[in-house]
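Before any comments, here is the structure.
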Amino acid sequence: MKKNKYQLSPEYLNYKESEIWEPLNKIVPASQLFPETHPLFLCLYRKIKEEYNQFPLRKNGEDPFLHPLNTVNFLIKAKVDDPITLCAGLLHDFVEENVDLYEKKHHLKNDAAGIKILDQYEEKVFKRLEEDLRTFCQKEKINLTFVKKVVNVTKILTRHKKHLYYRSISEIFNCKNEKTKERAIQIKLADRMHNIQTLSSYNEENRIYQCFKNLFILNNTKRYLLNITEKKKRKQLYSTTKLFKKCCKSTYESFLNVCHLSLMHKVGRIKSMLHLAFRKYASEYGGLWAVTKVNLDEKHLMRLFQGIIRKYDSRLHLEFDRFKKMENYEIDFCRKYFADFNFNQKQLQSLVYYKDAYTLKEIVLRLLYKPKYVIFRFGCTELCVRGRICMRERIK
């Protein structure tokens, strides 16, 4: 295809640098992803592609192999050329998908006995995987430490059935081996970027929940990047920073899509009031420094912007009663506050989805563009301190 003359302009090149990356929607050969392909990557590409045929389609109806493929594609677009990271990128969900399939096939319950069986099966899958990779590397005369490193990164990315989501992410950011941690963070960012770009089959609530998972990962990545002080190390983290920015933008876009979906339920008449209340809240409270502090006596519309982190934190902790209690309070508040509009239950629910998505996308925006902004007490070493989650803006 002939290039438009404007596609060589500085403006266009700037656009290409800042654009939101689109996911692959069809399977491409390994050589198209990574021209200078490592032998083990080629081996894994063939193995994963074949084995993913036994897994169910993704929720949006796509071939399941498209997910590891997109994860690797995003890593490569971020200039990741480390074969260990790319191999682990292909493998990042492989063990977990096998465990899920085993659980479904054997109709195991989500209790202590079922989890014990699944943990044992997970160990078997890892052992078989490592043996297969070792056999291949010995045949190709590849150093076996390469296999160990790939498996270590894959293990830290694999969520064990006995662990909640927070715990599995903590394994990454609390990893003692700095190189393993960096590789795992890069893969997780690429993984989550693709996940939230394929939410077409989800309703508003579940879209927000998936994006909130990203918010937790993005916040901890920002903390990780801020803790890197050496200039030399910062240059080495170009790919991690690039993936962080791209994942921020994709997450922002997904939250924005929820806003658009919510407005379809004819609640747009009060959109400006919500925006103004949010700006007042952000201004009066110093840049969202206390967005999760709940004041039940607050009668102003600002009340709706309190407690969002706390609410979805409950959902991630599987505290569904607590989550619904907070949401029902917000719906009741909206019913009383907007009594003149006679909104029905579905409209009130959509209004709450709108304000949640709107607020959380603004938080993502701050993570992306405010150099020192992080959400305090929302990190991997603090997330289980119940009732103390708050948001602050770091002031230099």
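The values are calculated or read from the model by the stated rules, or taken from the named source; none is laboratory data. In this text the structure is predicted, and so the values were computed from the model without any measurement. Ideal geometry is used to build each Cβ from the backbone, glycine not excepted, and the neighbour counts take in all protein chains shown.
Each row is one residue, and each column tells you yes or no for (1) within 19 Å of the chain's Cα centre (by Cα); (2) assigned to a helix (DSSP H, G or I); (3) surrounded by 13 or more Cβ atoms within 10 Å (Cβ to Cβ).
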{"site": "Lys49", "(1), (2), (3)": "no, yes, yes"}
{"site": "Arg58", "(1), (2), (3)": "yes, no, yes"}
{"site": "Thr71", "(1), (2), (3)": "yes, yes, yes"}
{"site": "Phe74", "(1), (2), (3)": "yes, yes, yes"}
{"site": "Ala88", "(1), (2), (3)": "yes, yes, yes"}
{"site": "Glu96", "(1), (2), (3)": "yes, yes, yes"}
{"site": "Glu103", "(1), (2), (3)": "no, yes, yes"}
{"site": "Ala113", "(1), (2), (3)": "no, yes, no"}
{"site": "Gln138", "(1), (2), (3)": "no, yes, no"}
(request) Quick one: in the range 196-225, of everything that is surrounded by 17 or more Cβ atoms within 10 Å (Cβ to Cβ) and assigned to a loop (DSSP other than H, G, I, E, B), which residue is farthest from the chain's Cα centre (by Cα)? (result) Tyr202
(message) Just to be sure before I move on: is Asp93 among the acidic types (Asp, Glu), assigned by TED's automatic domain parsing to the domain that holds Lys124 and touching a His at 6+ places or on another chain (Cβ under 7 Å) in the structure I sent?
(response) yes
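Residues are listed down the side, and each one gets a yes or a no for (1) over 28 Å from Glu327 (Cα atoms); (2) of a type in the set (Val, Ile, Thr):
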| position | (1), (2) |
| --- | --- |
| Met193 | no, no |
| Gln197 | no, no |
| Glu204 | no, no |
| Gln210 | no, no |
| Asn214 | no, no |
| Ile217 | no, yes |
| Asn220 | no, no |
| Arg223 | yes, no |
| Asn227 | yes, no |
